[in-house]
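Since the structure comes first, as structure tokens, the remarks are kept for the end.
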Amino acid sequence: MMSIVGYEFRPTDEELVGFYLRNKLLGNSCLIEAIGELNIYQFDPWELPSQSMMRSNDTVWFFFSGREITFAIRNRQSRTTASGYWKITGQPSVIKERSIFQRVIGQKKTLVFHKGKSPNGERTHWIMHEYSDLSLPESQRTHVVCKVEYTGHDVESVLVDYGPSDFGLLPSLTQEDWDFAFSD
């Protein structure tokens with residue numbers, strides 16, 4: 001787990017695809033320690049914050065996930081979890097590099113988590129942006145990078161699993177250290 005005090009990890013769409021995902025796909029893993037890998041669809045969204053490589057009180061988390069195609073027809077992936085499913089909303093958008101050529105390097109899909117079974121699931125405040133690299137051959141596109149975000153107002157309920165030492169600020173703090181460090 002990585003922890004840096006006062007640091008916000010806010011890569012742009014272009015950086016997520018052009019640097020992080022591309023280096024992951026090319027096997028340059030020493031350059032991408034900030035984002036962990038897991039099968040994101042094996043977890044309900046409220047379980048994901050505790051799986052993040054970078055712990056913080058932020059409501060955005062990043063993960064690499066393998067592209068597991070489970071439906072042979074139409075080359076689709078199953079996005080179901082134990083408690084619900086991720087539903088694609090809107091049309092995918094293209095991600096271009098910020099150069100003079102404006103070359104398309106990736107694609108971003110937006111998904112919303114629904115509790116329950118499809119098609120009657122209840123929409124939640126969990127949103128995921130799934131980024132794919134389009135610049136490499138299909139055979140090398142083994143992973144996507146996912147940006148998971150909680151957009152609800154009750155943030156404390158999402159972060160309830162984090163104790164004071166789990167925020168990634170100072171991982172070795174005990175409760176007494178935490179109380180002392182932030183007392184008046």
- Note on the structure: A correct Karplus calculation of ³J(HN,Hα) over segment 133-150, with 6.51 cos²θ - 1.76 cosθ + 1.60, θ = phi - 60°, whole Hz and x for Gly and Pro, returns 8, 10, 8, 9, x, 3, 5, 9, 8, 8, 9, 10, 10, 10, 10, 9, 9, 9
- Query: With each label point set 7 Å from Cα along the Cα-Cβ vector, what nm distance links S50 and T151?
  - Reply: 2.6 nm
- Note on the structure: For L21, L136, L31, L111, ascending order of other Cβ atoms within 10 Å (fewest first) is L31, L136, L111, L21
- What percentages, rounded to whole numbers, describe P(r) for segment 27-151 computed over all alpha carbon pairs with 10 Å bin width beginning at zero? 12, 41, 36, 11, 1
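Rule-based calculations on the coordinates, nothing more; no lab input. Everything numeric here is computed off the predicted structure, so don't read it as measured data. So basically every Cβ, Gly included, is an ideal-geometry build from the backbone, and we count neighbours across all protein chains shown.
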